[in-house]
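The values are calculated or read from the model by the stated rules, or taken from the named source; none is laboratory data. Predicted model, so just to flag it, every value in this text is computed and none were measured. Here Cβ is always computed from backbone atoms with ideal geometry, including for glycine, and neighbour counts include all displayed protein chains.
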Amino acid sequence: MTLDRTAPKVMPLEYRHAPSDLSDRVAYGLTKMLRIFADTFFRKRYGHRAVVLETVAAVPGMVGGMLNHLKSLRRFQDDRGWIHTLLSEAENERMHLMTFIAVAKPNWFERILIILAQGVFFNAFFLLYLFAPRTAHRLVGYFEEEAVVSYTQYLAQIDAGHLPNPPAPELAIDYWKLPSDATLRDVVIAVRQDEAGHRDMNHAFAEELCRRPKDGAQLADPGKESDLAPAA
């Protein structure tokens, strides 16, 4: 994983966070609803699914980083690594997008869909993070759980010979420091590992926001396991 910070606690690849309250159930319900839409629209076109969904996936880190940046300025408080971690997540998701554009080569309809999806999701997520940051992080955690599932299915289709396994794009080889003879399969494994890290980090952020006192105490440092760990 190429993020500067790894998840505070590495959970199993198949890890799923069980909803525990209304905030979690709202985030979980939205995730499942959007999963149905994605499955219906893309079916097994995993490369094209990745192009559209990674466009959306790069939004939360940027929104969260921006709003935490502004809050740090208003309160004259150190963010303890949250801004850097969230912006790194956004950049990592953007690189996923750049990689799958080279693989799937989206058509004009998918490009229009990308513009519309990004515009709607950015504004919706901005408002959600502004008023309910814990729910926003939980939502991203659940999104990433589904991303891990999708990339696992993508990998299975490649291994079964149902989808081609061409050489990895040069961009991906440079970014993940893959062998020169790496293939799409290697890229999917690397991307899936990234998504699992984002899942763990966002669930951990949601847990920290749940524990944080209402008096505006500083957030825990995502670089310390003792400060920030996802609930089992």
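Structure data summary
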item: Any hit, region 115-127, residues being of a type in the set (Val, Ile, Thr), surrounded by 12 or more Cβ atoms within 10 Å (Cβ to Cβ) and in a helix (DSSP H, G or I); result: no
item: Among (1) assigned to a helix (DSSP H, G or I); (2) of a type in the set (Gly, Ala, Ser); (3) farther than 24 Å from ALA204 by Cα - the single one ALA136 does not satisfy; result: (3)
item: Test result for LEU97, closer than 24 Å to LEU184 by Cα and either in contact with a Ser or Thr (Cβ under 7 Å, 6 or more places away or on another chain) or buried (at least 18 other Cβ atoms within 10 Å of the Cβ) (or both); result: yes
item: Boolean, ALA190 is closer than 22 Å to ASP24 by Cβ, modelled with pLDDT of 60 or more, in a helix (DSSP H, G or I) and touching a helix residue (DSSP H, G or I) at 6+ places or on another chain (Cβ under 8 Å); result: no
item: Within region 142-176, considering residues that are aromatic (Phe, Trp, Tyr) and over 13 Å from GLY47 (Cα atoms), the one surrounded by the most Cβ atoms within 10 Å (Cβ to Cβ); result: TYR142
